[in-house]
Structures are given as structure tokens and as C-alpha cells.
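**Q** Have a look at the structure that comes next, please.
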Amino acid sequence: MTVVHDNLEKTEAKMRAKDVSVYYGAKKAIDDVSIDIPTEYVTAFIGPSGCGKSTFLRTLNRMNDTIPSARVEGSIELDGDDIYSSGMDVVQLRARVGMVFQKPNPFPKSIYENIAYGPKIHGLAEGKDELDAVVERSLRRAGLWDEVKDRLQDSGTALSGGQQQRLCIARAIAVDPEVILMDEPCSALDPIATAKIEELIDELNGRYAIVIVTHSMQQAARVSQRTAFFHLGKMIEYGRTTDIFTTPLEQRTQDYITGRYG
Amino acid sequence: MSPLILLLLAIGLGLVGWLAGRARAWSFRKSGPTRLASLPNYHGWYVALWIAIPVLIFVAVWSAIAPELVMQHVLAQPAAADLPAFGFQRQTILNEARAVATGDAMGVFNAEARGLVEPFREAIGRYDIVGIVVALVIAFAAGAFSFLRLRPDFRARNRVEKSVMAILLVASLVAILTTLGILASLVFETVRFFGMVSPLDFLFGTFWSPDPMSNAANPDGSRYGAIPLFWGTIFIGAIIAMVVAIPLGLMSAIYLTQYAPGRLRTWVKPALEILAGVPTVVYGYFAALTVAPFIRDLALAAGMSNPSSESALAAGLVMGVMIIPFVSSMADDSIAAVPAAMRDGSLAMGATHSETIRRVLVPAALPGIVAGVMLAISRAIGETMIVVMAASTAANLTANPLEAMTTVTVQIVAMLTGEGSFDHPATLSAFALGFVLFMVTLALNFIALRVVKRFREAYE
């Protein structure tokens with residue numbers, strides 16, 4: 001029932017969700033969603049509040065496991081392996097599928113320790129020099145290095161909101177993930193900090209498969225090449241971002257992007 | 001007897017004032033189209049408070065001075081002329097006569113008192129009447145004053161609310177003033193003690209053996225060295241007890257906040273808090289009758305020739321168990337206060353649950369945990385009953401937990417219940433010890449509150 005545009009380029013799916021439904025207790029929060037996530041493009045999930053886009057995002061790295069009443073049906077594959085199968089180690093999965101949250105949530109540790117956290121627990125760096133290199137590389141990729149290189153030992157919570165969010169992105173990059181999920185990463189930031197994050201998403205595009213949930217249609221239009229529109233737990237329409245915003249095929253999509261509701 | 005009557009009188013008159021004020025306010029409303037500035041109830045309360053508070057103040061003052069007035073009256077009687085001049089005997093006779101007069105005693109023991117019963121009875125009766133009359137006059141005057149101030153536009157509500165606030169303020173001041181009073185009395189006796197024994201001998205001496213039978217005028221300062229007591233207190237309360245309480249409390253807090261299913265948590269948490277409600281004397285029994293002999297047997301089995309049955313270890317272990325709820329509930333609160341975003345952030349990095357707890361949650365909650373530990377220490381070193389029952393009274397400067405040791409609180413009890421007279425330095429030393437203990441626990445509480453406050457700000 002999802003309308004999928006038929007003019008999409010053929011891409012290889014990094015992640016593939018098939019007939020996914022999510023329940024919170026008896027309540028169905030996501031209804032039968034199927035979507036392929038490519039590495040080549042940034043995918044945006046848009047839709048009104050409570051439409052399930054964040055819930056669906058959180059099923060992609062099994063963060064919904066932390067909610068006891070949540071239950072997932074259907075299959076989600078990462079490079080062809082079902083992430084909900086018993087053979088999948090959730091710790092490995094989350095190292096491969098990183099996540100950035102709505103509110104910047106740096107640990108109350110130093111900037112250096114925030115970045116080194118992931119590589120340390122996953123044993124990715126051997127010795128101090130290698131760890132230093134990982135920290136520098138991650139901060140550079142997140143465009144934060146020049147701002148913090150002289151105060152790596154300061155607390156991560158002392159940075160500004162935008163810097164904190166870039167720190168969180170650097171933290172996610174540090175474990176060398178394949179997919180980065182971003183759950184409204186700019187909703188707590190001012191326009192200038194938002195512009196920097198969007199620039200960063202552009203730079204990271206292609207290296208990682210990126211999925212971004214956003215409230216702002218302008219943001220989706222700016223940073224993504226693929227857009228999925230969610231409404232009441234269903235994925236209504238999926239296509240190229242330009243097509244979704246200029247020539248949507250579904251009435252509900254049309255209504256939402258023209259501001260009739262949402 | 002008479003203060004109680006005056007108290008009931010004040011309440012009764014207040015009720016009358018309430019009804020009268022309210023009725024008057026209602027009549028304003030009936031007689032004219034004007035809107036009352038305050039509801040009739042507030043007019044009632046305004047009058048009631050104006051009556052009750054002055055009367056209660058009078059009752060308080062009167063119950064303090066009335067017995068003295070009665071005494072003056074009796075001593076002026078001719079029957080009092082042949083009382084013995086010696087204070088103690090004279091007081092006994094007067095007290096006896098008063099007790100018979102008020103009906104507290106059936107008859108007199110000293111013959112001299114018999115003649116005084118009647119004057120006492122007469123004086124008490126007379127001053128009772130005086131008190132009631134004065135109370136009535138005050139109530140009437142205050143009631144009339146406030147009643148006549150009532151007008152339709154009178155803001156009774158504002159005044160009532162102000163006086164309620166004042167009453168609340170007084171209630172909160174009672175606790176603070178009591179603390180200051182305790183401190184003042186401690187300081188006074190401590191200064192007296194330090195007038196007899198040098199503070200240097202007391203704070204830095206290593207031999208504690210006050211002799212309450214020695215010459216009070218010329219105490220031997222070298223017997224008042226409190227270091228062994230401070231050491232015993234710290235060793236039992238801050239070291240042994242904490243070695244038990246910190247890991248157990250912390251681990252149970254982690255289990256309860258992170259792993260326990262909701263239903264188990266609703267049972268275990270209150271059960272743990274019951275530990276905090278067990279009377280300390282019961283812990284004392286447990287320490288003295290169960291744990292201490294067990295440890296003694298262990299020490300015997302381990303080859304110690306003559307182990308003490310009052311070991312520091314027994315008291316410290318039981319005290320540690322007693323303190324567990326303090327540590328665990330503070331740790332529980334501060335771990336639960338770490339934002340869920342922090343936990344999610346760590347889990348999303350692929351950290352396991354236990355890595356998240358170890359490397360993110362506990363470090364983030366550390367200030368709260370530290371504060372809980374400090375409150376627990378201040379509680380442990382001030383704890384008396386367990387150590388009185390399970391620790392020894394012999395001062396002993398050693399690091400062997402199997403030996404007998406004593407604590408500051410044990411010595412305070414021993415000195416105050418000893419045979420020395422009240423102004424002997426051995427007795428007064430209890431106040432100096434209490435003062436030191438008070439200052440240390442005060443400092444610990446103060447630091448703990450500061451730490452908690454800083455940590456609260458960290459996430460806001």
C-alpha cells in the first residue's frame with residue numbers, strides 16, 4: 001500500500017526492512033513498513049508528530065529493545081543478515097549501525113573520553129597513539145577538530161549545543177559504523193548550528209548510509225536524496241526527495257508538504 | 001491543671017470569635033449590594049486568630065510565672081516563718097505541701113508541711129481565678145477590637161494568610177533553635193572541661209583512662225587523650241562499616257535500578273528500607289549475641305590464643321548492615337536521576353548493559369553516591385546503641401579488627417552514667433567528646449549537601 005515511485009535508480013540496499021510492524025503492548029505503532037536503505041543517498045523520514053518515524057528508526061539498530069513492551073514483527077536485514085535473528089549480536093549490530101539522538105547527549109566525561117569510549121569498549125584501537133589517531137580522525141570528520149583540539153580534556157558537556165551534537169556524531173563515527181541513524185538531530189539547535197550539521201551530513205554522505213528523521217521539510221529537502229513520508233504508523237510514499245516535494249503521488253503527502261496538517 | 005483549662009478556654013473563645021466574625025460578614029452581604037473583599041470564613045478566622053493567639057501567649061507566660069507567684073504568697077504567710085533556712089530541706093517541705101494541695105500526693109511526710117497545705121490551696125485557687133479572668137479580659141478586648149474592624153471592604157484574607165505564614169515560620173524555627181540550643185549547651189560544658197584539661201592533651205593524647213574518683217580540682221591531663229577513641233570510632237564506623245555498606249549498598253542499588261523487573265523492585269526496595277527502620281538496639285543484640293561470638297570462634301579456629309569477645313569487627317559488620325539502606329537509597333536515587341539519554345547514547349554505541357553501568361551511569365551518578373556515603377558515615381560514627389552493646393569500653397589503639405576497641409559514643413555513655421560527680425572532668429569529658437562528634441558529623445553533612453547541590457545543577 002506504500003506508493004513507491006518507479007523512477008528510482010537501481011541501488012544496493014545496505015539495510016532492507018520487509019513488512020515491519022512494531023507493537024507497544026497491544027498498540028500497533030508501525031504498520032507493515034518495507035523500505036530499502038542505500039549507502040549512496042541520504043534517506044529522510046518525514047511526517048507529523050506521532051506518525052512512527054522515530055519508532056521505525058529505532059528498530060533499525062534495535063534500540064527499541066530497551067523498551068520492555070515493544071515487539072517487532074517482519075524482518076530487517078543488514079547486508080542480508082536478519083538483525084532480529086538469534087544469531088545477531090546486538091552489541092555488534094549497534095557498532096555497525098550508529099545513532100545520533102534528538103538532544104545532544106555527550107557523556108559527562110572529557111571530549112577525548114567521549115570519542116574514545118566506543119573504540120575502547122570495542123577494542124578498536126591498540127595503544128595510546130592509535131587511540132589518539134582515532135579521536136583526531138573522528139573529530140576531523142565531524143568538523144569539530146579545529147574548535148576543540150586545544151581542549152580535549154575539557155568536559156564534553158561544557159561545549160555549546162551545536163558542538164555537543166557534532167561531538168555525538170564524532171562519537172558515533174569513531175566506531176567506524178556502516179549506517180548512521182539520526183533522530184531529529186537538529187531539533188534542539190539554532191539555525192547556525194543546524195547549518196553546520198547539515199553540511200556535515202553532506203560530507204558524510206556516501207561513506208556511510210545515513211537515515212535522518214526530521215520535522216523540518218526544508219531540512220529533508222536540503223540534506224536528503226530519498227524521502228519516505230510516514231503517517232499514522234504507515235509509510236505512505238517513498239521516492240526521490242525532489243519528486244516527493246514537487247510531484248507527490250499521494251493526496252496525504254501533498255496535504256502534509258503543503259502544510260494542510262502536521 | 002490550670003494551663004489545660006486556659007488552653008481549652010482559648011480554643012473555645014476562638015471558636016466563638018470565628019462564629020461571630022463569620023456571622024457579621026454574612027450580615028454585610030445580606031444588608032447591602034456591596035461585594036465582600038474577603039469570604040465570610042476569612043472574617044471568622046481573622047477574629048478567631050485575634051482571640052486565640054494573644055490568649056495562648058498569655059497562657060504560656062502565665063504558666064511560667066504563676067507557680068512563682070503562688071510561692072511568694074505562701075512564703076508571706078505566718079506558717080512559713082518557722083521553715084528551716086537550709087535550702088534542700090526547705091524545698092522538700094514546700095514541694096510536699098504543694099503536692100498535697102494540688103491532689104498529687106495523699107498526705108504529708110514532714111510535719112512542718114501540714115500547716116502549709118492550706119495556704120497553698122488558697123493561693124493556687126486564687127491565682128487560677130486571676131489567670132482565667134485575665135485570659136477572658138484579653139480575649140474579650142482582642143475579640144472586640146478585631147470584630148469592630150470588620151467591614152465589607154476589609155481584607156481579612158490577606159491578614160489571615162500572613163498570620164498562617166507566620167505560624168509556619170515559627171514551626172520551622174523550633175527545630176533550628178533547638179539545634180542551636182543543643183550546640184550552646186555543648187559548648188558551655190566543653191569550655192568548662194577545657195578549663196580543667198588542656199585541649200592539646202585531649203585532642204592529641206593517646207592514653208584514655210579518666211578516673212571519676214580522682215581529685216576533681218587537679219585532674220591528670222595525660223589520662224584524657226582521646227586519640228584511641230577517635231581511632232576506634234573511625235575504624236568501626238568509617239572503615240569496617242563502610243567496607244560492608246558501600247559495595248553491598250551500591251550493588252543493590254545497581255541491581256534495583258537497572259536489572260530488577262518492576263514487580264521485584266516494588267518488593268525489594270521497601271524491604272531494604274525496613275532495615276533502616278529496625279531499632280538500633282535490636283541490631284545491638286544481634287551484634288553482641290550472634291555476630292561477636294561467631295567472630296570469636298572464627299578467631300579461635302584461626303589460631304588466635306585469646307581473642308576478645310567484643311571485637312571491633314562484630315560491631316563494625318553489623319553497623320555496616322544497618323547503613324546499607326542509606327547508601328543504597330541515595331545511590332538508587334542518583335543513578336535513576338541520570339538522564340535516560342545518557343544510557344541510550346551508550347547502548348547505541350554498542351556498549352553492553354554492564355559496560356554502560358560501569359562506565360557511564362555510575363560515573364555520572366558518582367557525586368550523589370559520594371554524598372550518600374558521607375551521610376552514611378556521619379550516621380555510623382554517631383551511632384551509639386550497637387557499639388555500646390557490642391564494642392568494648394576499653395580504649396585500645398590498634399589496627400587489628402579482632403581486638404576490643406571503644407568509640408566516642410561508648411565513652412560518652414560510660415562517662416555520663418559513671419560514678420563521678422557532675423562537675424568532675426571525667427563527666428565533663430563526655431561533653432567535649434560530644435562536641436567533637438557533633439562538629440565532625442556537621443562537617444560531613446555539610447559537605448554531602450554541597451556535593452548533592454552541585455550535582456543537581458549538572459544536568460539542569
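The values are calculated or read from the model by the stated rules, or taken from the named source; none is laboratory data. Since the structure is predicted, the reported quantities are computational estimates derived from the model, not experimental observations. Note that we place each Cβ from the backbone using ideal geometry, even for glycine, and neighbour counts take in every protein chain shown. SASA here: full protein model, heavy atoms, side chains in, ligands and nucleic acids out. Shrake-Rupley method; radii C 1.70, N 1.55, O 1.52, S 1.80 Å.
**Q** Quote the charge dipole size of chain B about the Cα centre in Debye, to the nearest 20; the model charges only the Cβ of Lys and Arg (+1) and of Asp and Glu (-1).
**A** Magnitude of the dipole: close to 2600 debye.
**Q** Let me ask another. Could you work out the local net charge near B:THR34, counting Lys and Arg as +1, Asp and Glu as -1, over the other residues with Cβ closer than 13 Å to its Cβ?
**A** +3
**Q** Hey, with R₀ at 56 Å, roughly what FRET efficiency would A:GLU203 and B:THR179 work out to, going by the Cβ-Cβ distance, to 0.05?
**A** 0.35
**Q** Let me check something: with ligands and nucleic acids excluded, how do B:GLU419, A:GLU178, B:GLU310 order by accessible area (1.4 Å probe), largest to smallest?
**A** Working: B:GLU419 150, A:GLU178 55, B:GLU310 75 Å².
Largest accessible area first, the residues go B:GLU419, B:GLU310, A:GLU178.
**Q** Here's a follow-up. In the stretch B:329-357, what residues drop by 40 Å² or more in accessible surface going from the chain by itself to the full protein assembly, probe 1.4 Å?
**A** The answer is B:MET342, B:ASP344, B:LEU347, B:ALA348, B:MET349, B:GLY350 - residues whose exposure falls by at least 40 Å² when every protein chain is included.
**Q** Roughly what angle does helix B:40-75 make with the longest principal axis of chain B, taking Cα atoms, 0 to 90 degrees, to the nearest 10?
**A** Taking the Cα atoms of chain B, the angle to B:40-75 is about 90 degrees.
**Q** Kindly state, to the nearest 0.05, the FRET efficiency for B:LEU69 paired with B:ASN218, given R0 = 60 Å and r defined as their beta-carbon distance. The partial results should precede the final answer.
**A** Values: r = 45 Å, r/R0 = 0.75.
Efficiency, rounded to the nearest 0.05: 0.85.
**Q** Here is a further query. Please list the non-local residues whose amide H lies under 5 Å from the amide H of A:VAL100, H modeled 1.01 Å from N, same-chain partners needing a gap of 5 or more.
**A** Distant-sequence amide H within range of A:VAL100: A:LEU181, A:MET182, A:ASP183.
**Q** So what are the ³J(HN,Hα) numbers for the stretch B:400-412, from phi and the Karplus equation (6.51, -1.76, 1.60; θ = phi - 60°), rounded to whole Hz, Gly and Pro as x?
**A** 8, x, 7, 8, 6, 8, 10, 10, 4, 5, 4, 5, 4
**Q** Could you tell me the calculated FRET efficiency between A:ILE192 and A:THR258, based on Cβ-Cβ distance and R0 = 35 angstrom, to the nearest 0.05?
**A** The value I calculate is 0.80.
**Q** Rounded to the nearest whole Å², what accessible area per residue is found for the stretch A:3-257 with the 1.4 Å probe?
**A** In whole numbers, the stretch A:3-257 has 41 Å² accessible per residue.
**Q** Another one. For the stretch A:223-260, which trypsin sites (Lys or Arg not before Pro) are in a loop by DSSP, counting at most 12 other Cβ atoms within 10 Å?
**A** Details: sites: A:ARG226, A:LYS234, A:ARG240, A:ARG252, A:ARG260; in loops: A:ARG260.
Sites meeting the loop and neighbour criteria: A:ARG260.
**Q** Report, in degrees rounded to the nearest 10, the 0 to 90 angle that the Cα long axis of helix B:362-382 makes with the longest principal axis of chain B.
**A** Compared with the principal axis, the helix lies near 70 degrees.
**Q** Still on this structure, please answer the following. Past 22 Å, Cα to Cα, is the threshold; run A:LYS128/A:LYS149; A:LYS128/A:LYS196; A:LYS109/A:LYS149 against it and keep the listed order.
**A** A:LYS128/A:LYS196
**Q** Specify whether the C-alpha gyration tensor of chain B places it in the rounded, prolate or oblate class, a ≥ b ≥ c being the square roots of the eigenvalues: rounded for a/c under 1.5, otherwise prolate if a/b is larger than b/c and oblate if not.
**A** On the way: a/c = 2.89, a/b = 1.28, b/c = 2.25.
It comes out oblate by the Cα gyration axes.
**Q** Which value in nm describes the separation of the simple spin-label points at A:TRP145 and A:HIS5, placed 7 Å from the Cα toward the beta carbon?
**A** Going from the A:TRP145 label point to the A:HIS5 one covers 3.6 nm.
**Q** To continue, here is another question. Taking the Cβ of B:LEU361 as the center, what net charge do the other residues with Cβ under 11 Å away carry, scoring Lys and Arg +1 and Asp and Glu -1?
**A** +2
**Q** Under 8 Å for C-alpha pairs, at least 6 residues apart: give me the relative contact order for chain B, rounded to a whole percent. Mind showing how you got there, number by number?
**A** Numbers: 600 pairs, mean separation 71.7, N = 460.
Once divided by the residue count of chain B, the mean separation gives 16 percent.
**Q** At 1.4 Å probe size, what's the solvent-accessible area of B:ASP153? Round to the nearest 10 Å².
**A** Result for B:ASP153: roughly 110 Å² accessible.
**Q** For A:VAL134, A:VAL90, give me the order by solvent-accessible area with a 1.4 Å probe, most accessible first, ignoring ligands, DNA and RNA.
**A** Values: A:VAL134 15, A:VAL90 40 Å².
Greatest to least solvent exposure: A:VAL90, A:VAL134.
**Q** Can you show me the helix-derived [θ] at 222 nm for chain B, built from DSSP H runs with n ≥ 4 at -39,500 (n - 2.57) apiece and divided by the number of residues, rounded to the nearest 500.
**A** One gets -24500 deg cm²/dmol as the mean residue ellipticity at 222 nm.
**Q** For B:LEU402, what charge total do you get from the other residues with a beta carbon under 13 Å from its beta carbon, if Lys and Arg give +1 and Asp and Glu give -1?
**A** Here the charged neighbours net out to -2.
**Q** For the residue pair B:VAL191 and A:GLN92, what label-to-label distance in nm results when each label sits 7 Å from Cα along the Cα-to-beta-carbon direction?
**A** 7.6 nm
**Q** Tilt of helix A:111-121 relative to the longest C-alpha principal axis of chain A, in degrees (0 to 90, nearest 10)?
**A** 70 degrees
**Q** Here's another thing I want to ask about it. What accessible surface, in Å², does a 1.4 Å probe find on B:SER305, ignoring ligands, DNA and RNA and rounding to the nearest 10?
**A** 110 Å²
**Q** Then there's this: Mind giving me the nanometre distance, one decimal, between the label points for B:ARG151 and B:TRP26, set 7 Å out from Cα along Cα→Cβ?
**A** 2.4 nm
**Q** Now for a separate question. When only DSSP loop residues count, what trypsin sites (Lys or Arg not before Pro) in the stretch B:12-61 have their Cβ near at most 10 other Cβ atoms within 10 Å?
**A** Those satisfying the criteria are B:ARG35.
**Q** Amide H of A:ALA228 versus every other amide H placed in the peptide plane: which residues, excluding those fewer than 5 positions away on the same chain, fall under 5 Å?
**A** A:ALA44, A:PHE45, A:ILE46
**Q** Hey, another quick one. Short version: ³J(HN,Hα) in whole Hz for each residue of the stretch A:224-230, in order, from phi by Karplus 6.51 cos²θ - 1.76 cosθ + 1.60 (θ = phi - 60°), x for Gly and Pro, what are they?
**A** 10, 10, 10, 10, 10, 9, 10
**Q** Which of the lysines could be linked to A:LYS28 by a straight reach, that is with a Cα gap under 22 Å, when you skip same-chain ones fewer than 8 residues away?
**A** Qualifying lysines at Cα under 22 Å: A:LYS18, A:LYS53, A:LYS234.
**Q** Another question about this same structure. Per DSSP H run of at least 4 residues, take -39500 (n - 2.57); add these up for chain A, divide by its residues and hand me the 222 nm value, nearest 500 deg cm²/dmol.
**A** Details: 10 runs with 91 residues, N = 262.
It comes out at -10000 deg cm²/dmol, rounded to the nearest 500.
**Q** I would also like to ask the following. Is the shape of the protein assembly as shown best called rounded, prolate or oblate, per the rule: a/c under 1.5 gives rounded, else a/b larger than b/c gives prolate, else oblate, with a ≥ b ≥ c the square roots of the Cα gyration tensor eigenvalues? All intermediate terms of the calculation are to be shown ahead of the outcome.
**A** Working: a/c = 3.39, a/b = 1.68, b/c = 2.02.
Note, shape of the protein assembly as shown comes out oblate.
**Q** Exposed loop chymotrypsin sites (Phe, Trp or Tyr not before Pro) only (DSSP loop, at most 13 other Cβ atoms within 10 Å): please give the longest stretch of chain B free of them, not including the sites. Walk me through the intermediate numbers first.
**A** On the way: sites that count: B:PHE86, B:PHE109, B:PHE422.
Value returned for the longest uninterrupted segment is B:110-421.
**Q** Rounded to a whole number, what % of the accessible area of the stretch B:223-358 do carbon and sulfur atoms account for, probe 1.4 Å?
**A** Within the stretch B:223-358, the accessible surface is 70 percent carbon and sulfur.
**Q** While we're here: Taking only C-alpha pairs under 8 Å that are 6+ residues apart, what is the relative contact order of chain A in percent? List each step's numbers first, then the result.
**A** Numbers: 502 pairs, mean separation 76.9, N = 262.
In percent, rounded to a whole number, it is 29.
**Q** While we're looking at this one, here's another question. How big is the B/A interface in buried accessible area, both sides summed, 1.4 Å probe, to the nearest 100 Å²? Let's see the in-between values first.
**A** Details: alone 24890 and 11950 Å², together 35250 Å².
The B and A chains share an interface burying roughly 1600 Å².
**Q** Give the average, rounded to an integer, of partner chain Cβ atoms located within 10 angstrom of each Cβ in A:103-114.
**A** The mean count of partner-chain Cβ atoms within 10 Å per residue comes to 4.
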